[in-house]
Amino acid sequence: MPLLSLGTIIYGLAGFLYTQDILWLINFNPYIKYASDIYGQGSFYHYITHLPDVVGIVLYFLLLLGILHMIFSLLSSKTKISSDKLVLEIFLVYSIFFSFLIFYSFIWWKGLFLSGGQMRIMVSMVPLISLICLNGYNHLVKIFKNTIIRKSFHFIVLLFVILIPFIKYDFPIQLDPEQKLMKEVGEWYISSDYRGYMLYYFYPFLSYTANIDHFDSSKVRPLNTILYKEVSKDSIIIWDSFFGPTVSDVPLDFIKNNEDYILVKTFISEKERDIEEPEFEVYIFQKV
């Protein structure tokens, strides 16, 4: 088990050699400087209550069952806590899952580290969640003594696990209002006369809609580089109201009030993104 920490130790030492700061993970964390007013904050139970959106209601039920079974096993006088199997299961599965869940619940509750409350981070815990679900399931099927009933139960559970995503979500996946607008931006860019100019943007989806190689630094650069690097003449800046003022930290007024840039095109979403920010906007500028 000590070898599990080897990766973290090597990573930490590599950062120390570069920064000369043993606490570089904290002091050089780019997310610490951001306040909760950028992505907001929410309930401590946000990830717990929305976990069915990630694993589905059937696996969510089995997850709870697996957790309850472990609790009862620890409280039972018949269970030997010292057994290697149980210790490994608690340390490598349950403790890691709960540490991860509690940590991200806390930072979203307090609005720390630029946490946006995205459920996608819980996907990294799916392997551990699966093991806990299996634990719960294995003890659930024990109540069925009849072989035919047990096999029928296996089939029904498997069927629901497969079908629920298709019932809950639309297939093919529909674009949200932001993505639809970025699709319009991409189509406009492809048909425009500005292709081939240096392009500054941050919205990742634009790479697909505009058929851009996001990693080609000779043609594409992150939006925030306009703050500290010389922008060549005729360069195109695509500023969006989501990443522009947050991750990129580029205020719209910084470009609008700069005589070196002219407004080329404006895109505004038709539907509201949320109550506080009713519209998703994209402004396209050119360096003159």
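Scanning region 223-268 for residues that are hydrophobic (A, V, I, L, M, F, W, C) and in contact with an Asp or Glu (Cβ under 9 Å, 6 or more places away or on another chain) gives LEU223, LEU227, VAL231, TRP239, PHE242, LEU252, PHE267, ILE268.
Just a yes or no: is a residue in region 129-141 closer than 30 Å to ILE26 by Cα and either hydrophobic (A, V, I, L, M, F, W, C) or modelled with pLDDT of 80 or more (or both)? The answer is yes, given that some residue of region 129-141 is closer than 30 Å to ILE26 by Cα and either hydrophobic (A, V, I, L, M, F, W, C) or modelled with pLDDT of 80 or more (or both). On the basis of being surrounded by fewer than 19 Cβ atoms within 10 Å (Cβ to Cβ), farther than 20 Å from GLU187 by Cα and under 22 Å from the mean Cα position of the chain (by Cα), does THR225 make the cut? Against the criterion (surrounded by fewer than 19 Cβ atoms within 10 Å (Cβ to Cβ), farther than 20 Å from GLU187 by Cα and under 22 Å from the mean Cα position of the chain (by Cα)), THR225 does not qualify.
In this entry, ASP193 passes the filter for residues that are of a type outside the set (A, V, I, L, M, F, W, C) and assigned to a loop (DSSP other than H, G, I, E, B). Evaluation of GLU89 against the conditions (1) surrounded by 17 or more Cβ atoms within 10 Å (Cβ to Cβ); (2) farther than 20 Å from LEU62 by Cα; (3) at pLDDT below 90; (4) of a type outside the set (Gly, Ala, Ser) shows that the sole unmet condition is (2). In the set (1) assigned to a loop (DSSP other than H, G, I, E, B); (2) crowded, with 17+ Cβ neighbours inside 10 Å; (3) outside the structural domain of VAL264 (by TED's automatic domain parsing), the condition left unmet by GLY244 is number (3).
On the stretch given as region 169-190, residues that are surrounded by fewer than 18 Cβ atoms within 10 Å (Cβ to Cβ), in a helix (DSSP H, G or I) and among the acidic types (Asp, Glu) total 2.
Within the option set PHE100, PHE113, being closer than 16 Å to PHE44 by Cα, at pLDDT 90 or above and not assigned by TED's automatic domain parsing to the domain that holds VAL247 holds for one residue only, PHE100. In summary, VAL231 fulfils each of the numbered conditions (1) touching a residue at least 40 places away in the same chain (Cβ under 8 Å); (2) hydrophobic (A, V, I, L, M, F, W, C); (3) closer than 23 Å to LEU114 by Cβ; (4) assigned to a loop (DSSP other than H, G, I, E, B) with the single exception of condition (3). Restricting attention to region 1-47, the residues that are in contact with an Asp or Glu (Cβ under 9 Å, 6 or more places away or on another chain), assigned by TED's automatic domain parsing to the domain that holds VAL93 and modelled with pLDDT of 80 or more add up to 0. The one condition from (1) over 23 Å from LEU252 (Cβ atoms); (2) among the hydrophobic types (A, V, I, L, M, F, W, C); (3) out of contact with any helix residue (DSSP H, G or I) (no Cβ under 8 Å at 6 or more places or on another chain); (4) modelled with pLDDT of 85 or more that TRP188 does not meet is (1). Between PHE153, PHE215, PHE166, the distinction of being aromatic (Phe, Trp, Tyr), exposed (fewer than 14 other Cβ atoms within 10 Å of the Cβ), part of a helix (DSSP H, G or I) and free of Cβ contacts under 8 Å to residues at least 60 places away in the same chain belongs to PHE166 only.
The values are calculated or read from the model by the stated rules, or taken from the named source; none is laboratory data. Just so it is clear, the structure is predicted and the values come from calculations on it, not from any experiment. Because the Cβ atoms are built from the backbone with ideal geometry, glycine has one as well, and the counts that use them run over all protein chains shown.
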